[in-house]
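Participant: Here it is, the structure in full.
The values are calculated or read from the model by the stated rules, or taken from the named source; none is laboratory data. In this text the structure is predicted, and so the values were computed from the model without any measurement. Reconstructed Cβ throughout: ideal geometry from the backbone, glycine too, with neighbour counts over all protein chains shown. For accessibility, only protein heavy atoms count, side chains too; no ligands or nucleic acids. Shrake-Rupley method; radii C 1.70, N 1.55, O 1.52, S 1.80 Å.
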Amino acid sequence: MKTTLFRNIKISLKITALVLVMTLASVTAITLFYFYTETASTQVGIISIPAVIISLFAAAMSLLFAQWFMQPLESMHHTLHMVSKGELPEKSALLTSDEFGMMQARVDELVDMLKQSAEFAQKIGEGKFDTPFKAAGENDSLGIALLNMRNSLVETDKKEKERNWIVLGLAEAGEILRTHDSLDTLGDDIIRFTINKVNAIQGAFYVVNKEDEGTRIELCNSFAYNRKKYLKSSFRIAEGLVGQAVAEQDMILRTEIPAEYITISSGILGDKKPSCILIMPLIANEEVFGVIELAGFEKFDASQVKFVQELGTMLARTIFNIKVNERTRRLLAESQAMSNDLKEKQEVLRQNAEEMQATQEELQRSNLMLEEQVEEVNHTRNRMQLLLENASEVITIYEENGSIRYISPSVETILGYAPSEIQGTTDLEHVHPDGQEIYQNLFAQLKANPNEKVTVQFEYKNKNGRYIWLEATGTNFMSNRAIHGYIVNSRDITERRRAEQEQRMRSKMQALSENSTDLIARLEEGSISYINPVIESYTGKEAAAFINKKVTDTELDQTVLESWLQIVEQVNATQNKISTEMDFPSELGKRVMQISAIPEYNEKETIESVLVVSHDITERKLIELDIQNKNKKINDSINYAKRIQNAILPDNFAISSALPDSFILYKPRDVVSGDFPWYVQTGDDIFIAAVDCTGHGVPGALLSLIGYFLLNDIVRSRHVTNPGQILDLLDEGVTQTLKQDQANSATKDGMDIALCRINTKTKTLEYAGAHRPLYVMKNNVLEEIKGNKFPIGGGVYKNQTKFTTTQVKLNAGDSVYFSSDGYPDQFGGADGRKFGSKRMRELAERIHHLPAHLAMEAFDLEWEEWRGTQKQTDDVLLIGIKF
Amino acid sequence: MEILNIEGAEDTPKIILDRTNGIFEISGRSLPEDSAEFYKPVLEWLKSYSGQSNSATDFVFKLEYFNTASSKLILDVLSSLESIGGTTVHWYHHEDDEDMQEAGQEFSELVEIPFEFRTY
């Protein structure tokens, strides 16, 4: 109220103020006019009294006017104030007919209209959308708005209902879906629910199954379906309407139904076609999981379709989940199955592993055993091989045709052949020709008597080509399937045969010994292990009295047993056979025995016994003695003869005075000699010769006398001086003396000779030789003067002529050498060859400058060294003269 | 005809006279105590052979040494061979032994038999 009051006051004041202002303004205007019109006194500040009266009047007027003017306004203000406050006042009582009253009527109308609208709004608010309401006019914005609001609310309500229907349905469906986890039962319930919900008459529920051979849409559940032609439980994508819906991922809502599409069998309806089909693919995440097919007699409205669509999405998710669950379950089951399977397999594996372990261990054991066995077999085989190699027998398997299939390795040590050389061959050729028949007979016998062993002996050629004795024992193994041949075991019996032979020999020896005339005893460690019966003839006691007795215990003569024991000791000491002689006092008197003590060895090569063979040489001894006596006589005789021969030898003194630098190397082979030097000096002529009579010793000496006398006769008595002539006469003389000129001449004897006649005055030398040359050293050159090629005597030689005389002029320092053939013909040297004329000449060349006695020493030494230990071949006579 | 086979010794030569196989040989050293006696069977054999000799007789002398006495007998042997047709003497001497070579030559001059000289 206060506010209103103030406002009212303000309005009054405003009006008052307005009047005042207007008054003031008019006053002011009068005043101003006054001043300006009265020549104006110039006192500005002085208000005139009229002005003040006017002003006061004006003021009172103003207050009155304001009071009149303000009352209606105040009422309207009050009403409008209430309206503005939402209050709708009753119609105001005070109505004027002026403008203010009209204004008030209009305000009342407004309030009325506002009241109606409020009422209408109230009705709508109460949900009474059918409340009649008309807009106040075309421009009644509030009314139109209210109508629009009502219509809108009606629409919203309808939508709300539809939405609720859908939400409710979906909630119910959700409930159904929740209670199912299997497509089969789910489909059944959900299709039943849906048909009821959307007022359909038929329904089918398909599930999309992705299979290897392509995606198929399969009928899962149906309700009240009675298809004929199109009753298919399975579609491919794009096949039929169902397939098409899946393919396009969009629903199909059709009212034009193919004629044969669906009929509904119902007792009530009869065959009546549905008028609308809704095929809704169940899509989630842009994938089709199934299809719902609904048919109804009326067209499905949008909300129904919407419901089915939303249900479809939900259903798709559910199918997806169920499928996922199913798959998960299946996978789980599979996984469990697999797991179980795995467990089982693992178990099996474990068992297998255990078994394998066991088997392996068993295997290792058996392996080990096998290895041991193999090793054992190897050992056995090696042993066998070694045995076969070192066996003393050769084991041979012969085929029926005689060829060798197998031969044991011992063949190498026994026969020298490698098994490979022999195998596959026949060895008949190795058998000694004498034994081949025996060898072949062996097989013939084996064949004839298969159950008998046959043993034969024959000689077999070993690899070295030497024949050895084999004893072969054959067995017929033809019937033995493993062998099917002849097995022959062969042994080298060479040694055995030798031993047997030795035994036989020994027996023979024994027999010989028993029958020997020699006394034979075997002494073994001081005992007599054997003595032959000869002992009886020496001792008068049987051999048995001596055998197996100590030598010292027997009744042998003390001399004998001492000698025997001494001899045995000697044999043991020297390890050699001893031959000696001993006196042997006996029953037969004093005998002389030649003893051969032979050591006998055992296998260890030590002396086991000594065989003492006593040969009675008493008689021989006597003969020997006789011979010795005779020999002595002969020797004496020869020695006597030698004295005679020596008498004819030249006087060395005479020669050395005539030829001071000369030598005669004279070496008779025997006591007397066939060679002799001959020397005669008559006047200025010196005759000197080396004569070599055939033969040596006594016959030579006899001939030498003939030669000596003949030469002496020719030169001394007949004064022949020409050497050739001398030899002619000598030849004649010998031939005559030995009667070799006679046809039945018994002797071929004669002599070779080298004869020189040296004249010291004329310094000439004349030479003639029979079979002998003269070597002349002149100025260090050796000249050989060959004698004639025929001898003195010995029969008449073909082509024989007179002997030739060769003259040589001598100078001081020259030297000559001539000899018998004994010097060059001496055997000796390293090869037992003759000294030779060449060597003799070379020697002469080498030593001719030496004085004669030194030259002789050199000739002798050289010759003796050549001869060495050889016996002298012939008499040696070499004469050298230096001028 | 029997074979004459005399084993050689220190002082006596080895002698083989074998008609069947055509071997006639005297070799070695000849200085027997009694050469006439020693060569007697040889000369007798040759006498017998001369009546039934082979068409060719190759007689080999392969002597190292013979003494003066033997030389007379060797000459006798050669003389016996003279009467046997188709005989050739093969006279061997050591290549250093000129005396033996000369002896052979002397013998070849004394008998009417072809000599072939060879060294050993």
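Participant: Over chain B, with every protein chain in place, what whole percent of the accessible area is carbon and sulfur at 1.4 Å, could you tell me?
Facilitator: 44 percent
Participant: If you don't mind, another one. Please list the three semi-axes, largest first and in whole Å, of the ellipsoid equivalent to segment A:649-882, using sqrt of 5 times the eigenvalues of its alpha carbon gyration tensor.
Facilitator: Calculated on Cα positions only, the semi-axes equal 26, 23, 16 Å.
Participant: Over the protein assembly as shown, average the accessible area per residue using a 1.4 Å probe and give it in Å², no decimals.
Facilitator: Accessible area per residue: 55 Å².
Participant: For segment A:103-201, which GluC sites (Glu not before Pro) pass both filters: DSSP loop (anything but H, G, I, E, B) and at most 12 other C-beta atoms within 10 Å? Numbers along the way, then the final one.
Facilitator: Working: sites: A:Glu109, A:Glu119, A:Glu126, A:Glu138, A:Glu155, A:Glu160, A:Glu162, A:Glu172, A:Glu175; in loops: A:Glu126, A:Glu138.
Listed in order of number, the matching sites are A:Glu126, A:Glu138.
Participant: As a test of the definition: with a 1.4 Å probe, what buried accessible area, both sides summed, do you compute for A against B, in Å² to the nearest 100? Let's see the in-between values first.
Facilitator: Details: alone 51520 and 6520 Å², together 55550 Å².
Approximately 2500 Å² gets buried when A meets B.
Participant: Using a 1.4 Å probe on the heavy atoms of the protein chains only, list every residue of segment A:797-828 that has 40 Å² or more less accessible area in the complete assembly than in its chain alone.
Facilitator: A:Tyr797, A:Lys798, A:Phe827
Participant: Among B:Asn67, B:Ile15, B:Leu4, pick out the residue whose Cα is farthest towards the positive end of the charge dipole of chain B, where Lys and Arg carry +1 and Asp and Glu carry -1 on C-beta, about the Cα centre.
Facilitator: B:Leu4
Participant: Run the dipole for the protein assembly as shown about the Cα centre, Lys and Arg Cβ at +1, Asp and Glu Cβ at -1, nothing else charged, and hand back the magnitude in debye, nearest 20.
Facilitator: It works out to roughly 5200 debye.
Participant: A follow-up question, please. Keeping the other protein chains in place, figure out the carbon and sulfur percent of the accessible area of segment A:386-457, with a 1.4 Å probe.
Facilitator: Result for segment A:386-457: 49 percent of the exposed heavy-atom area is carbon or sulfur.
Participant: Identify which of B:Ile15, B:Ile23, B:Ile74 has the largest mean-square fluctuation in a Gaussian network model of chain B, with springs joining Cα atoms closer than 10 Å.
Facilitator: Judging by the Gaussian network model, the answer is B:Ile23.
Participant: Chymotrypsin sites (Phe, Trp or Tyr not before Pro) within segment A:263-367: which are DSSP loop residues with at most 15 other Cβ atoms inside 10 Å?
Facilitator: Listed in order of number, the matching sites are A:Phe297.
Participant: List for segment B:17-34: residues with 10 Å² or greater reduction in accessible area, all protein chains versus chain alone, probe 1.4 Å?
Facilitator: Residues of segment B:17-34 that lose at least 10 Å² of accessible area once the other chains are added: B:Arg29, B:Leu31, B:Glu33.
Participant: Can you tell me, using C-alpha contacts under 8 Å and at least 6 residues apart, the relative contact order of segment A:649-882 as a whole percent? Please list the in-between numbers first.
Facilitator: Values: 509 pairs, mean separation 55.8, N = 234.
Reported as a whole number, the value is 24 percent.
Participant: Separate question: Would you list which lysines come within 26 Å of A:Lys134, measuring only between C-alpha atoms, while excluding same-chain residues fewer than 8 positions from it?
Facilitator: A:Lys85, A:Lys91, A:Lys115, A:Lys123, A:Lys158, A:Lys159
Participant: Can you give me the relative contact order of segment A:717-854 as a percent, contacts being Cα pairs under 8 Å and 6 or more apart?
Facilitator: 24 percent
Participant: Express the carbon and sulfur contribution to the solvent-accessible surface of segment A:696-853 as a percent, rounded to the nearest whole number, probe 1.4 angstrom.
Facilitator: 50 percent
Participant: Please give me, ordered by residue number, the trypsin sites (Lys or Arg not before Pro) of segment A:780-828 that lie in loop per DSSP and have at most 16 other Cβ atoms within 10 Å.
Facilitator: A:Lys786, A:Lys798, A:Lys802
Participant: If you put +1 on each Lys and Arg Cβ and -1 on each Asp and Glu Cβ, how big is the dipole of segment A:274-423 around its Cα centre, in Debye rounded to 20? Could you put the intermediate results ahead of the total?
Facilitator: Numbers: 14 positive and 25 negative charges, 254 e Å.
Rounded to the nearest 20 debye, it is 1220 debye.
Participant: Which of the listed residues, A:Tyr817, A:Phe133, A:Ile664, is farthest toward the dipole's positive end in the protein assembly as shown, when Lys, Arg count +1 and Asp, Glu count -1 at the beta-carbon?
Facilitator: Value: A:Phe133.
Participant: I'd like the distance between the alpha-carbon centres of segment A:701-764 and segment B:50-120, rounded to an integer number of Å.
Facilitator: If you average the Cα positions of each part, the centres end up 28 Å apart.
Participant: Stick to the Cα atoms of chain A, pair each with every other, and give me the Kirkwood hydrodynamic radius in Å at one decimal.
Facilitator: Result for chain A stands at 50.7 Å.
Participant: I need the phi-derived Karplus couplings for segment A:674-691: 6.51 cos²θ - 1.76 cosθ + 1.60, θ = phi - 60°, integer Hz, Gly and Pro marked x.
Facilitator: x, 8, 7, x, 10, 9, 9, 10, 10, x, 8, 8, 10, 9, 9, 9, 10, 10
Participant: Next up: Got a sec? Charge dipole of chain A, +1 on Cβ for Lys and Arg, -1 for Asp and Glu; which of A:Thr539, A:Leu850, A:Asn629 is way out at the positive end?
Facilitator: Of the candidates, A:Leu850 comes out farthest on the positive side.
Participant: Hey, can you list the residues from segment A:695-712 whose accessible area shrinks by 30 Å² or more with all protein chains present, relative to the chain by itself (probe 1.4 Å, no ligands or nucleic acids)?
Facilitator: By number: A:His696.
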